[in-house]
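In what follows, a structure is listed as structure tokens, so that the remarks can point back to it.
The values are calculated or read from the model by the stated rules, or taken from the named source; none is laboratory data. Bear in mind that the values here come from a model prediction, so they are computed numbers and not experimental data. Note that each Cβ is placed from the backbone with ideal geometry, even for glycine, and that neighbours are counted across all protein chains shown.
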Amino acid sequence: RFGTSYWKYVVTGDVDGTKYYLFGGSGFASDGEGLLNDLWFFTKESSTGTPLWTWVSERLKPNKINSPGVKGQIGEYFVDYWPSARVGAYTWKIGSSLFLFGGFGILDEQGNAGFLSDLWVFDLSSENWAFLGDGSESYNTDSWPSARMDGSAFALRPGYYDLYVLGGYGGCDTGGSGYLNDIWKFVYDKTNVRWKSQK
């Protein structure tokens, strides 16, 4: 399966550089060319250094393009939940959790595409996804980054759940879309999701 062309996927890795994680992008699947939402792990065999790819999505769902994903309840991990297909997302890896935010991708079951503001976490132990919100919930509509793609994601304190989103291209406060230079801090304590604007 690996070896097909990918474009605008996102990659993050362990601090020690022993393992990397690749999600989505634009490329080819069993039903043609389009947006992807598959997840891969990359590492090297300890004794020989041979590169090894593990296709996690093969165990979770069919290999199809332009998938709308399945959200489920906020914070609930389940084998049948996964993010929609997308390009240009933001990602972080902290401990046994892999986080995914935003991008440009599939919005609904009809296949409409646009900027995304959804937040997901993948548990590396159970290999299941959980949806953490998208800003539409009543309790966080005033404190959530706008839908966007192609910015930067980083953590200032490795090992802590203090994560940042910087800029990108997407929804603006004045309406429409454009380049962004805002900074958002995301704090996750496994029970609550909190975003705070830093600029």
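Key figures for this structure:
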read-out: Per-region count, region 64-101, residues under 26 Å from residue 18 (Cα atoms) and either under 14 Å from the mean Cα position of the chain (by Cα) or at pLDDT below 80 (or both); value: 16
read-out: Any hit, region 114-128, residues being touching a Cys at 6+ places or on another chain (Cβ under 9 Å) and within 24 Å of residue 198 (Cβ to Cβ); value: no
read-out: Tally, over region 2-31, of residues that are part of a strand (DSSP E or B), farther than 16 Å from residue 105 by Cβ and modelled with pLDDT of 75 or more; value: 6
read-out: Close pairs from region 49-60: first more than 19 Å from residue 30 (Cα to Cα) and polar (S, T, N, Q), partner surrounded by 10 or more Cβ atoms within 10 Å (Cβ to Cβ) and at pLDDT below 85, Cβ under 9 Å, at least 6 apart; value: 50/44
read-out: Residue 61 being basic (Lys, Arg) and modelled with pLDDT of 90 or more; value: no
